[in-house]
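Asks: One structure, pasted below without further comment.
The values are calculated or read from the model by the stated rules, or taken from the named source; none is laboratory data. Everything quoted here is computed from the prediction, not taken from an experiment. Neighbour counts run over all protein chains shown; Cβ positions are idealised from the backbone, glycine included. Ligands, DNA and RNA are stripped out before the accessible areas are found, and what is left, the full protein with its side chains, is counted by its heavy atoms. Shrake-Rupley method; radii C 1.70, N 1.55, O 1.52, S 1.80 Å.
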Amino acid sequence: MKKTCFLRIIYLSLFIAALQSCNSNGNGCRPLMDSLLNNRDMLPAEKEALLIASCGRGEVIRKDSLNLVIKTAQGKEVALQSKIDETQTIIYTFAGYYEEGGLYVVRKSGWEWENYLLIERENGERYEVTNMPLIFSPDKKSFASFSSDQATLMDANRFEIWENRGNSWKLTLALNTADKMFPEKSWGPANATWISNEEIDILREVGVNGYGTDSGTKEDGIEKYMKVNGSWVRKTK
């Protein structure tokens, strides 16, 4: 027990030192978000405390174990209260900030599920995506979000593109890529690469031994989408 606590203290000390170094250069938020996204060694509360310090801009406040408050640039308060009881479990955890989109990120989780709230720093508008990270287009006016689970079927198999429309973000492409009726047609979006502001490649993955077999995944080619007359369409060639 003492050894575990000692190692955790050392681990946190190293993270805090790295955080202070990044903050001194003015770029501490995104590297910390990326490093903590899939970190299993730290407790959620520990990760949140570091992210609030690095990404919260003095506007994100953890009042107590259940209540998280985000103050917008317009003075509005967005209050998020976790619920843990016999009928429902919803836990809100601060997860970072995307400067390029002006979006705070809050993880929303329960019993064996999670998704993410995006909260506009300017006005407090909320949007919900299935997974992180967000992949922004070169002009920062669009972003892609994707989630793949071809092995266990616990999470969504979904790809989305959101576009900035002045004072808000709008969902302009939504693909649900799992097909339980025809599992041989199912695939999951494993990654995305913007070719230009109006063209994107989606890396496909499938279950090694088929959809839902919990056998691991393998790459299965590229899906190409481009914007034509204001709408996203799949390229066939």
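Asks: Relative contact order for the range 65-154 using alpha-carbon pairs under 8 Å, separation at least 6, rounded to a whole percent?
Replies: 19
Asks: At 10 °C and 1.306 mPa s, grab the translational diffusion coefficient of the range 30-140 from Stokes-Einstein with a Kirkwood Rh over Cα pairs, rounded to a whole number in µm² per second.
Replies: 110
Asks: When ligands, DNA and RNA are left out and all protein chains stay put, how many square angstrom of accessible area per residue does the range 119-237 have with a 1.4 Å probe?
Replies: I get 53 Å² per residue for this part.
Asks: Carbon and sulfur atoms: what percent of the 1.4 Å accessible area of the range 98-229 do they account for? Show your work: numbers first, answer last.
Replies: Working: 2940 of 6480 Å².
Taking all protein chains in place, the range 98-229 shows 45 percent carbon and sulfur surface.
Asks: If you don't mind, there's one more thing I want to ask. What does the convex hull of the alpha-carbon atoms of the range 72-192 project to on average, in nm²? All intermediate terms of the calculation are to be shown ahead of the outcome.
Replies: Values: hull surface 35.6 nm².
That works out to 8.9 nm², a quarter of the Cα hull's surface.
Asks: Counting other Cβ atoms within 10 Å of each Cβ, which trypsin sites (Lys or Arg not before Pro) in the range 131-183 have at most 11 and sit in a DSSP loop? Kindly include the intermediate steps, with their values, before the conclusion.
Replies: On the way: sites: LYS140, LYS141, ARG158, ARG165, LYS170, LYS180; in loops: LYS140, LYS141, ARG165, LYS180.
Answer by residue number: ARG165, LYS180.
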